[in-house]
Every structure is written in structure tokens, then in C-alpha cells.
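Visitor: Quick one: structure below, then a few questions.
Laboratory data are not the source of any read-out in this text; all were calculated from the coordinates shown. Source: prediction; values computed, not measured. Here Cβ is always computed from backbone atoms with ideal geometry, including for glycine, and neighbour counts include all displayed protein chains.
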Amino acid sequence: MPETLTGRDDEARAEQVYQLVLEGIVAGRYEQGARLRERELSELYNVSRIPVREAIQRLEQDGFVETFPRRGAVVRQLTLTDVNELFDVRLCLETFAARMAAIRVAAGEPGGRLQELLDDTRQAIDDDRTDDVVRLSAAFHAEIVRLSGNRLLIESVKPLFGRMRWIFGLAHNRSNELQRDEHMELCNAILGGKAELAYTLAYSHIELGREPVLKGLAETLEP
């Protein structure tokens, strides 16, 4: 049955279609290389093709979709280079965010949400809810960026966290307990206002995740 969206205008509907298709890509319902047909999506979400077209254009801008002559829009085929580049960018941006988050918390910015996400992740691990662990891990990193207070950074990294969830859903080769412990150390450093320690822990955490992810995807992704 078509899913009726609640947006009042095409812009709001385009945002909703964007989020729904993005979730479908991240969750694997739309596989790499799968065609995204405007007509089918407009029928599925009970909207005109205009918001669907706008959502697909935005997904292309954010690196989730590619368009080809005569084929139209397809879900992007990830490569190992894409994965490496994601980690490189994260090392630049998230380490800065961790440092700034600690500075702002030390100055009085509330950081309770970071602890809540850590607690939720711990419960998801205990319950063996792998999909929730991936989602909450991305939310934890996104909260650090939000705590940085840098509005341009916050807007710039949104597509990165979608891609993080996509990639980690394809290859999650590190121990959840190990990542939880690293998150706990990073959280404590930020909430303790220890800016340089937060920077160092963020760098270490991101870099330690690179090799296992690359190894897990080496047999399925092109270089």
C-alpha cells in the first residue's frame, strides 16, 4: 500500500522522501546498483514526481546515488577508495569536533545526551541488537559534532554520518564491546572538559576502525 506522507508542500515531501530512501539504502533495501525509478517511488509514497526528483538529486549530491544516461538514478556502487576517504575526512573533522565539544562542555554546555547515547548503546549490545548498535554509534558521533557548536561543521557532516551507517552496516568487524569501551573513554574525556585527550581518543578510535572495515569489505568492493 502507498505510504502517505505528511508534508504540506513539495519541499517537505522531498525531505521525507529523501529520508525514507536514504534509510532504505542504509538498511540494504535498495542495494548498490539498484535503479530508483521516479514513478515507483512516487506511487510508493503517494506523492508527485517533483519531490521524488528533488530527493534523488539531493541523494546524488550527498554521494548515495548516481545517474546515468538511459538508466536514470541508481544506488551508488561503493569502492574501497570511498571507504578510505571517509575515514580520512572523519579524522580531520571529528577530532576537531571532539576537542571543541570538550571545550564547550568545560564552559558549561550540557553534555548529558552523549551519556544517554552511550547508555543506550550499552543496552543494545547487551540485547544483541546489531542494527541499533550501528545506528546509536553514528548518533553518538553526531552528538559530538553537535556539541562542537560549529554550525557549518554540523551541516557539512550530515551526509557523512549517513554514509558511516551504510558502510558499517556492510562491514562491522570490530567487537561491539571494544567500541563501547572506546566510546566510554571518549565520552568521559569530553564531559570532563579534557580537550586534547578528547582529540587524541577520537583520532585513535577512528583510525583503529579503518583496517577492520576495509578488511571486511575487501572481497565485495572494488578498489
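Visitor: For the pair residue 39 and residue 153, what calculated FRET efficiency results from E = 1/(1 + (r/R0)^6), where r is the Cβ-Cβ distance and R0 = 45 Å, to the nearest 0.05?
Guide: 0.75
Visitor: Using 0.36 nm per residue of separation minus the Cα-Cα distance, give me the extension gain between residue 107 and residue 50 in nm, one decimal.
Guide: 15.9 nm
Visitor: Moving to a separate point now. Along the Cα-to-C-beta direction of residue 60, a point sits 7 Å from the Cα; which residues of region 11-35 have their amide N less than 20 Å from that point?
Guide: What the label zone holds, given the 20 Å backbone N cut-off, is 11-26, 30-35.
Visitor: Could you give the length gained by full extension between residue 80 and residue 119, i.e. 0.36 nm per residue of separation minus their alpha carbon distance, to one decimal place?
Guide: 10.8 nm
Visitor: May I pose another question? How far apart, in nm, are two points set 7 Å out from the Cα along the Cα-to-Cβ line at residue 129 and at residue 210?
Guide: Between residue 129 and residue 210, the simple spin-label model gives 3.3 nm.
Visitor: Could you let me know the centre-to-centre spacing of region 49-80 and region 111-168, using Cα atoms, in angstrom?
Guide: Taking the Cα centre of region 111-168 as reference, the centre of region 49-80 is 25 Å away.
Visitor: So for the pair residue 32, residue 203, with labels modelled 7 Å out along Cα→Cβ, what separation do we get in nm?
Guide: 3.0
Visitor: Can you work out the PRE-style zone for residue 89? Point 7 Å along Cα to Cβ, and I want the residues of region 62-80 with backbone N under 19 Å.
Guide: Once the point is set 7 Å along Cα→Cβ of residue 89, 62-67, 74-80 turn out to lie under 19 Å by backbone N, inside region 62-80.
Visitor: Taking R0 as 41 Å, what's the FRET efficiency between residue 178 and residue 70 from their Cβ-Cβ distance, rounded to 0.05?
Guide: The value I calculate is 0.30.
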